[in-house]
Structures are given as C-alpha cells and as structure tokens.
Protein chains: 2
Amino acid sequence: MITEKKQKAAQKQAAEMIRNAGITITDEEAGSIEVVDFGLNNLEKEGVQVFTLVQTERISVKVLAMFPNQTEPEHWHPPVDDDPGKEETIRIIAGTVYFYIAGEDTFKEGFIVKGKDDCYTQRKEIVMKPCDQLILAPGEKHWFQARDGGAVMYSFSTIARDALDQFTDSNIVRITKVADS
Amino acid sequence: MITEKKQKAAQKQAAEMIRNAGITITDEEAGSIEVVDFGLNNLEKEGVQVFTLVQTERISVKVLAMFPNQTEPEHWHPPVDDDPGKEETIRIIAGTVYFYIAGEDTFKEGFIVKGKDDCYTQRKEIVMKPCDQLILAPGEKHWFQARDGGAVMYSFSTIARDALDQFTDSNIVRITKVADS
C-alpha cells in the first residue's frame, strides 16, 4: 500500500524522467502513471512506474520508469486461455538496466534486495544500454534493476494482463492499493 | 524504383527527423530505415520512411517519418489465415498529421495528390498533433498526410505483413526497388 501523497510524488518524478528521455506525454497522461509497489511497501527498493500508451485486446505498449537502484521483482507471464502468454520486447531509452533471465549464472554488476535471495532466482546478467533490445518469450522468468541514474525503457508486447502475472515472491500483490493520504 | 543515392539521402533526412523528435536510434538503425515510394517514382509526393523497431510473429513497432507534404497512399490491412488483419495504433510524436478514414466527408485541411481523386476515397479528416492517438481496426481503409513541417509518428500493431497490404491505387507495388546508382 502507498499513500496518495507518495503516489503523486512518484508519478511526478517518473513523468520528469520520461520527458527527459525524449518521450513527450501530456499532463493527463503523466497523471495516469501507475506507481507499483507490488504490495511490498518498499517502493524505492522493489517497484516500478508504468505509463501505458496502448492497451487493446491484442497489443500493449508501456514506458517503464525506474528510480535509481529500484528493482522490478522476478516474474513471468503465464498462458491465459488460447494465449501462450505475453511476449514482450524491452528497448532501453535512457540509463543502464541490469536484466536477469534463465541461463548460466553471470551475476556481477547488480545486487539482490537484502534477505531476498530466494525471490531472485534467475542470475544470467544482461547489461542493457539505450537502444539495446531484448525479447522475452511467454513464460520466461525475468527481473531487472536500474542503478544510480535510474532508467527509462519501452515494453512492447502482446496483450498485457498484469493482474495475472506470476511472481517468485509469494508476498507480492501486483495491483497496488492506494490509501487516502 | 529509387536510386541508391536517393535512398541514402532519404534515410539520412528521416533519421534526423526521428532524432529531432526525441527518439534515440543507432547509426546502424538509421541505415535500416526503409524508404518506400510504393513503386510510383514520386517519393516526395507519395511515400513514407519507416524505421522498424520490433518485428515478431505477434507484434510490430515502427516509427514513420513523413517529409513535408508527403502522402501515404490509401490502404488497408486484410485478413491473413487465422489473423483478422493488422490492428494498428498511431501516436503522433512530432508535427501535424492529417488522417483520413471512413465516415462523413469532412475533408478540409489536406490535399489530394493531383489527378488521383479515385485513389483517395476516404474523406473523414482527423487532424492529429503530438500525443494524439488513433486505433485502426483490421481492414479499415486509411491514408494520411504531413504538411509543411513533416511529421514523425509511432505505429504499434499486431504482426505486420507489409507485402500483403492492399491499396486503392492499383499501380502501387508495396516493396520498393532500389536501383544501383
């Protein structure tokens, strides 16, 4: 849960990062930025800010803003009915992102949120800079982290059903609750 | 058909427009920009420049750069096998775009390429500025035009099969041939 005051402040910071990265958005769009704490009450450490540009029954386009040293928890996009699951292409717009997927353990530059080794099981590290792209197949476990400068990236995908995403950390609740401030 | 020299010059101009609009692309990506004259040998009047960011079996993301007073000919995205046809969301990044779709004739600000009234049958005009979006359903006929300043826009869609697009102008060949200069 986050307070409305904290939500607004995070939206403002994320909108500024997105605009500084060259993406023009309206004030109304800035106010629609989703501030996600995954129900962990620790937004600065585990969280993400999401601006959704397109959401149809077939495709989804988002811009993700990550604060410095913020980590998006490990998750995957499961099959839903006839859909094999969300296929997602990440493209970095600004900053450096440490991406972790299945494969040989090459963990080096990132860090694991303190005491949560069991929640971050994928340790193949991919260092991504602006213009770098990565395709995540349906069902592929992944997590990622921004370092000191924060980061802004695109997520282009087939239909997103965020509420159905699955997480390694069983304490996670995907849809963030906002308390009256 | 266009010459290689003309292709390179158009790529360079389009890359500059895309970068000025805030989209960071690499030099290699700039060199991949598709210069499309639709086989009409009149690029400045009827044509478009296309930078493809993502092309998978499920989704496609392009950035379109249009030179001043350039028109993309009327076309639609037909069904292919089990696919009802491409669903496309346009979002303007820079400049003003005049978009034409089915509906009441409100044609006012744009112009029809001289002598080609029969090739531009949709006359419902939508004036689009930066951050404006429009969803084109599969099969929906459309054409669009940039005016004096040119324009840059996103096209987010389900799988693109450009070679199968259908055009009102029967002289059109979608895949542009490049001659040795």
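One table, with the values for the structure above:
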item: Candidates A:PHE167, A:PHE107, A:PHE111, A:PHE99, filtered to the one that is within 15 Å of A:GLY47 (Cβ to Cβ) and out of contact with any Cys (no Cβ under 7 Å at 6 or more places or on another chain); result: A:PHE167
item: Filter result for A:ALA9 (surrounded by fewer than 16 Cβ atoms within 10 Å (Cβ to Cβ), outside any loop (DSSP other than H, G, I, E, B) and modelled with pLDDT of 95 or more); result: yes
item: Tally of residues being over 19 Å from A:LEU164 (Cβ atoms) and surrounded by fewer than 20 Cβ atoms within 10 Å (Cβ to Cβ) across the range A:32-52; result: 5
item: Positions within the range B:36-66 being among the aliphatic types (A, V, I, L, M) and either under 25 Å from A:VAL61 (Cα atoms) or free of Cβ contacts under 8 Å to residues at least 12 places away in the same chain (or both), in sequence order; result: B:VAL48, B:VAL50, B:LEU53, B:VAL54, B:ILE59, B:VAL61, B:VAL63, B:LEU64, B:ALA65, B:MET66
item: Odd one out for B:ALA163, checked against (1) touching a strand residue (DSSP E or B) at 6+ places or on another chain (Cβ under 9 Å); (2) within 30 Å of B:ILE59 (Cβ to Cβ); result: (1)
item: So A:GLU88, is it of a type outside the set (S, T, N, Q) and more than 29 Å from A:ILE25 (Cα to Cα); result: no
item: Some residue of the range A:53-73 being within 14 Å of chain B (Cβ to nearest Cβ), under 28 Å from B:GLU29 (Cα atoms) and out of contact with any Ser or Thr (no Cβ under 9 Å at 6 or more places or on another chain); result: yes
item: Single residue of the range A:137-181 satisfying the filter (outside any loop (DSSP other than H, G, I, E, B) and of a type in the set (D, E, K, R)) that is surrounded by the fewest Cβ atoms within 10 Å (Cβ to Cβ); result: A:ASP148
item: Selection within the range A:62-108 - β-branched (Val, Ile, Thr) and within 23 Å of B:GLN55 (Cα to Cα); result: A:VAL63, A:VAL80, A:THR89, A:ILE90, A:ILE92, A:ILE93, A:VAL97, A:ILE101
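Okay, residues lined up against (1) out of contact with any Pro (no Cβ under 7 Å at 6 or more places or on another chain); (2) of a type in the set (D, E, K, R); (3) under 23 Å from B:ASN20 (Cα atoms):
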site: B:THR52; (1), (2), (3): yes, no, yes
site: B:MET66; (1), (2), (3): yes, no, yes
site: B:GLU87; (1), (2), (3): no, yes, no
site: B:LYS116; (1), (2), (3): yes, yes, no
site: B:ARG123; (1), (2), (3): yes, yes, no
site: B:LEU136; (1), (2), (3): yes, no, no
site: B:SER157; (1), (2), (3): yes, no, no
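Conditions tested, residue by residue: (1) under 25 Å from A:ILE112 (Cβ atoms); (2) more than 14 Å from chain B (Cβ to nearest Cβ); (3) not polar (S, T, N, Q).
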| position | (1), (2), (3) |
| --- | --- |
| A:THR3 | no, yes, no |
| A:LYS6 | yes, yes, yes |
| A:ALA10 | yes, yes, yes |
| A:GLN13 | yes, yes, no |
| A:THR26 | no, no, no |
| A:GLY31 | no, no, yes |
| A:ASP37 | yes, yes, yes |
| A:ASN42 | yes, yes, no |
| A:LYS45 | yes, yes, yes |
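The values are calculated or read from the model by the stated rules, or taken from the named source; none is laboratory data. Predicted model only: the values in this text are computed from it and were never measured. Because the Cβ atoms are built from the backbone with ideal geometry, glycine has one as well, and the counts that use them run over all protein chains shown.
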